[in-house]
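S.K.: Below you'll find the structure I mean.
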Amino acid sequence: GDSVTQMEGPVTLSEEAFLTINCTYTATGYPSLFWYVQYPGEGLQLLLKATKADDKGSNKGFEATYRKETTSFHLEKGSVQVSDSAVYFCALSNISGGGADGLTFGKGTHLIIQP
Amino acid sequence: NAGVTQTPKFRVLKTGQSMTLLCAQDMNHEYMYWYRQDPGMGLRLIHYSVGEGTTAKGEVPDGYNVSRLKKQNFLLGLESAAPSQTSVYFCASSYGRSNTGELFFGEGSRLTVL
């Protein structure tokens, strides 16, 4: 079945550092890929998405490019802030590949930014 | 603008008791989902609905039942709670199918089964 693998962390960085959170996936067909963010005590919020190969999703300074050849969707940000501290989830939807509706999530990466 | 609202937010049950979690959305979304979140496991899909009167099983449906009698509400029931069902439950909704649309999540319901 479909699956998403991401580094679990916690990942601890200093403010203004460069961020990369790796995400790879296993799926048949052409899944859509997403990054969601969960701040403490809240539900998940969509951060960015890409629906086809080579698409780049971006939002709030975060970027991720859909790489079909490496089955990856790594999240990057050039300069992180304390307010970016949260849990980040990589996810896919594979309806086109015959999967059920809904998202398949990775385990989440806890990001901690220190001042 | 309420979005997705879950009730209750916290609940403690004894093994064998039953309960219902209510999810309500005010965005006129067709699709609704119930997930559970466990440490080290990420979110896993329990059941979902593609419209009023429909339900379908997700990845981990055993021990749960759902109903979607009204478009805006999606109920998750536990008939006989077990300690393995201790978790944080999230409801989500979307206008379109998950491969194109954004899922909107509630704030979660923390359930402890003793």
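S.K.: If you add up the charges near B:Ser87, with Lys and Arg at +1 and Asp and Glu at -1, over every other residue whose beta carbon is less than 11 angstrom from its beta carbon, what do you get?
M.R.: +2
S.K.: In nm, to one decimal, how far is the modelled label at B:Arg110 from the one at B:Thr5, with both set 7 Å along Cα→Cβ?
M.R.: If labels sit at B:Arg110 and B:Thr5, their model points lie 2.2 nm apart.
S.K.: Where is the GNM fluctuation largest for chain B (alpha-carbon springs, 10 angstrom cutoff): B:Val60, B:Val50, B:Val88?
M.R.: Of B:Val60, B:Val50, B:Val88, the Gaussian network model singles out B:Val60 as fluctuating most.
S.K.: For chain B, with only Lys/Arg (+1) and Asp/Glu (-1) charged at the beta-carbon, what is the dipole magnitude about the Cα centre, in debye rounded to 20?
M.R.: About 200 debye.
S.K.: If a paramagnetic tag sat 7 Å from the Cα of A:Ser79 along the Cα-Cβ line, which residues of the stretch A:7-23 would have the backbone N under 16 Å from that point?
M.R.: A:14-19
S.K.: Could you calculate the FRET efficiency of B:Lys71 with A:Phe18 from 1/(1 + (r/R0)^6), where r is the beta carbon distance between them and R0 is 45 Å, rounded to 0.05?
M.R.: Between B:Lys71 and A:Phe18 the formula returns 0.50.
S.K.: Now a separate question. Label point 7 Å out from B:Glu59 along Cα-to-Cβ: which residues of the stretch B:1-41 have amide N under 13 Å?
M.R.: B:34-41
S.K.: Within straight cross-link reach of A:Lys49, meaning Cα distance under 27 Å, which lysines are found once same-chain residues fewer than 8 apart are removed?
M.R.: Result set, ordered by chain and number: A:Lys60, A:Lys68, A:Lys77, A:Lys107, B:Lys57, B:Lys71.
S.K.: What are the ³J(HN,Hα) couplings of the stretch B:93-109, residue after residue, when phi is run through the Karplus curve with 6.51, -1.76, 1.60 and θ = phi - 60°? Round to Hz, x for glycine and proline.
M.R.: Once θ is set to phi - 60°, the couplings for the stretch B:93-109 become 9, 8, 6, x, 5, 5, 7, 10, x, 8, 8, 9, 9, x, 7, x, 10 Hz.
S.K.: For chain B, just the Cα atoms, rotate onto the principal axes and tell me the three extents in Å, largest first.
M.R.: Principal-axis extents of chain B (Cα, largest first): 38, 30, 27 Å.
S.K.: Which three semi-axes in whole Å describe the equivalent ellipsoid of the protein assembly as shown, each the square root of 5 times a Cα gyration tensor eigenvalue, listed largest first?
M.R.: 29, 21, 16
S.K.: Here's a follow-up. Calculate log10 I(q)/I(0) of the stretch B:53-99 for q = 0.15, 0.24, 0.25 Å⁻¹, where I(q) comes from the Debye formula with a single equal point scatterer on each Cα and nothing for solvent.
M.R.: Those come out to -0.48, -1.11, -1.18, one per q.
S.K.: Which one of B:Tyr31, A:Ser58, B:Gly16 is farthest out on the positive end of the charge dipole of the protein assembly as shown, using unit charges on Cβ (Lys, Arg +1; Asp, Glu -1) and the Cα centre as origin?
M.R.: Result: B:Gly16.
S.K.: Explain nothing, just compute: Karplus ³J(HN,Hα) = 6.51 cos²θ - 1.76 cosθ + 1.60, θ = phi - 60°, for every residue of the stretch B:40-47 in order, whole Hz, x for Gly and Pro.
M.R.: Result, rounded to whole Hz: x, 10, x, 9, 10, 7, 8, 9.
S.K.: Neighbouring Cβ atoms within 10 Å as the yardstick, rank B:Tyr35, B:Tyr89, B:Tyr64 fewest first.
M.R.: Exposure proxy ranking, most exposed first: B:Tyr64, B:Tyr89, B:Tyr35.
S.K.: Taking the Cα centre of the protein assembly as shown as origin, sum charge times position over the Cβ atoms of Lys and Arg (+1) and Asp and Glu (-1), and report the length of that vector in debye to the nearest 20.
M.R.: Charge dipole of the protein assembly as shown: 480 debye, to the nearest 20.
S.K.: What distance in nm lies between label points placed 7 Å from Cα along the C-beta direction at A:Thr51 and B:Lys14?
M.R.: According to this spin-label approximation, the distance is 5.2 nm.
Quick note: the coordinates plus some simple rules give every number you see, no bench work behind them. Quick caveat: nothing in here was measured; it's all calculated off a predicted structure. With ideal geometry, Cβ positions are generated from the backbone for all residues, glycine too; neighbour counts draw on all protein chains shown.
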